[in-house]
1. Suppose we filter CYS224, CYS170, CYS158 for residues that are within 13 Å of the ligand (Cβ to nearest atom), within 30 Å of SER143 (Cβ to Cβ) and surrounded by 17 or more Cβ atoms within 10 Å (Cβ to Cβ); which single one remains?
2. Give the number of residues within segment 198-213 that are within 21 Å of LEU21 (Cα to Cα) and either within 16 Å of the chain's Cα centre (by Cα) or not in a helix (DSSP H, G or I) (or both).
3. Just for segment 176-206: of the residues that are without any contact (Cβ under 8 Å) to a residue 40 or more places away in the chain, surrounded by 16 or more Cβ atoms within 10 Å (Cβ to Cβ) and of a type in the set (A, V, I, L, M, F, W, C), which one is farthest from the ligand (Cβ to nearest atom)?
4. Among the residues of segment 28-39, are any within 13 Å of the ligand (Cβ to nearest atom), among the aliphatic types (A, V, I, L, M), surrounded by 15 or more Cβ atoms within 10 Å (Cβ to Cβ) and in contact (Cβ under 8 Å) with a residue 60 or more places away in the chain?
5. Is it true that LEU112 is under 20 Å from VAL5 (Cα atoms), aliphatic (A, V, I, L, M) and surrounded by fewer than 17 Cβ atoms within 10 Å (Cβ to Cβ)?
6. Does LEU132 satisfy the condition of being on the phi > 0 side of the Ramachandran plot and either assigned to a helix (DSSP H, G or I) or more than 13 Å from the ligand (Cβ to nearest atom) (or both)?
7. So how many residues does segment 63-88 have that are surrounded by fewer than 18 Cβ atoms within 10 Å (Cβ to Cβ) and either among the basic types (Lys, Arg) or free of Cβ contacts under 8 Å to residues at least 40 places away in the same chain (or both)?
8. Please go through segment 201-233 and give me each residue that is among the small types (Gly, Ala, Ser), modelled with pLDDT of 95 or more and out of contact with any strand residue (DSSP E or B) (no Cβ under 6 Å at 6 or more places or on another chain), ordered by number.
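The values are calculated or read from the model by the stated rules, or taken from the named source; none is laboratory data. Owing to the predicted nature of the structure, the values given are computational and were not obtained by experimental measurement. FYI the Cβ positions are ideal-geometry reconstructions off the backbone, even for glycines, and counts take in every protein chain you see.
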Amino acid sequence: MANDVIIALDFPTREETLTFLDRFPAGEKPFVKIGMELYYAEGPAIIREMKARGHKIFLDLKLHDIPNTVKRAMSVLSRLDVDMVNLHAAGASEMMKAALEGLTRPDGSRPLLIAVTQLTSTDAAALKNELLIDAPMEETVLSYAQNAARCGLDGVVCSPLEASLVKARCGENFLTVTPGIRFADGDAGDQKRIMTPELAGKSGCDYIVVGRPITQAADPVAACRRAAKEFLG
Ligand code: C5P
């Protein structure tokens, strides 16, 4: 069920990030996604600053390592008080379960844990010839999602076009976090499999991740409000 719009803060520095966020009125605190570029440039300080400013944070670092290392790293991220984090389902069940353990705080609370299935940049040829996976792409995506659900994860990052298939396989409550969102009158840019916020809301997406249609808009605040209005209906 349509829950929230997450703005992808794909900026290289703290300064550019704050300049962008300062355009929003004081009481308006969008849910934001911080990825590798900004996190590696600015470190955990950028997370603390965003939290102090009142934002919810999806920390998009896509962890993938041995279970013990992921567990310990997740424990650190959990103490940063982020709201959503992710990992690669390709790390398999033991790693996903360890991640959940690491994330869980002493009071039992934890950030949402979301799995990346197959990266959208991996095409069918790479799947077969490099990763040596013979199953069709869609089946690997759904099977990875099902593994994540069985391990107790909260959802997956997927295309809005896959959201209903994921729900059918993993249950209605399994969250779908979907990039590839464009306004009906907007530029697709490099995204190929796109959907409007309105259709994403009707297709069972729980969170839409919107980058350039908001960050590059002449009026980002209006664009963010428009995305939320269309998505939440
Ligand atoms: O600017 P745009 O709306 O295309 O940004 C989408 C965001 O979602 C970017 O941060 C991008 O890295 C991320 N993403 C994606 N497709 C995926 C996974 C993540 O576009 N499959």
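1. That would be CYS158, the only listed residue that is within 13 Å of the ligand (Cβ to nearest atom), within 30 Å of SER143 (Cβ to Cβ) and surrounded by 17 or more Cβ atoms within 10 Å (Cβ to Cβ).
2. Residues that pass the stated criteria total 6.
3. Result: LEU199.
4. no
5. No: the conditions fail for LEU112.
6. Yes; evaluated as a whole, the condition is true for this residue.
7. Adding up the residues that qualify gives 11.
8. Correct list: GLY201, SER203, ALA217, ALA218, ALA222, ALA223.
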